[in-house]
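I'd like to ask you about the structure that follows.
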Amino acid sequence: MLRSQIKDGEKPGHIAVIVDGNRRWADRRSAPHSQGHESGADKIEELLRWCLNLGVRTITIYAFSTENIKRRGEEEVEDILRLFNERLRRIAKDKDIHSERVRVTRHWKTILAPTCNSGTYRRCRRGN
């Protein structure tokens, strides 16, 4: 729906998205929560590709708040952090990301910094 509204009109300069409902999505399908998080990550990748194709210059994604970290079990937190790293590595290797000179920045609390692969993040940020 939004695509049809902005396809031929003025493009927003910035879109912000709050990722929510991955666990509920999985619960409704009697699937593991990790599958819900994977599906959510797939949808975010679709959104990013869509924004890239439409020329939206800035996208902010709010995901995995510190409040959620405290409410989730250790295994689920590890699964989500693994997924972050996996998707950052994928972005770091994506030819479209490089050809369009996309920059990835992150803003997360210190609680996540030691557990995330900063080398992968640096490659994404530089676009190489």
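The values are calculated or read from the model by the stated rules, or taken from the named source; none is laboratory data. Bear in mind that the values here come from a model prediction, so they are computed numbers and not experimental data. Ideal geometry is used to build each Cβ from the backbone, glycine not excepted, and the neighbour counts take in all protein chains shown.
In the range 57-87, which residues are part of a loop (DSSP other than H, G, I, E, B) and either modelled with pLDDT of 85 or more or farther than 14 Å from V102 by Cα (or both)?
Listed by number, the residues that qualify are A63, F64, S65, R72, G73.
Count, please, the residues in the range 36-56 that happen to be at pLDDT below 95 and either aliphatic (A, V, I, L, M) or over 19 Å from L88 (Cβ atoms) (or both).
Total satisfying the criteria: 10.
Suppose we filter I69, I61, I91 for residues that are surrounded by 18 or more Cβ atoms within 10 Å (Cβ to Cβ) and aliphatic (A, V, I, L, M); which single one remains?
Sole residue among the options that is surrounded by 18 or more Cβ atoms within 10 Å (Cβ to Cβ) and aliphatic (A, V, I, L, M): I91.
Would you tally the residues in the range 13-26 being within 10 Å of V56 (Cα to Cα) and out of contact with any Cys (no Cβ under 9 Å at 6 or more places or on another chain)?
2
List every residue pair whose Cβ atoms lie under 6 Å apart, where the two residues are 6 or more positions apart in sequence or sit on different chains, the first residue falls within the range 20-49 and is surrounded by 13 or more Cβ atoms within 10 Å (Cβ to Cβ), and the second residue, located anywhere, is outside any helix (DSSP H, G or I).
Hits for this filter: G40/V19.
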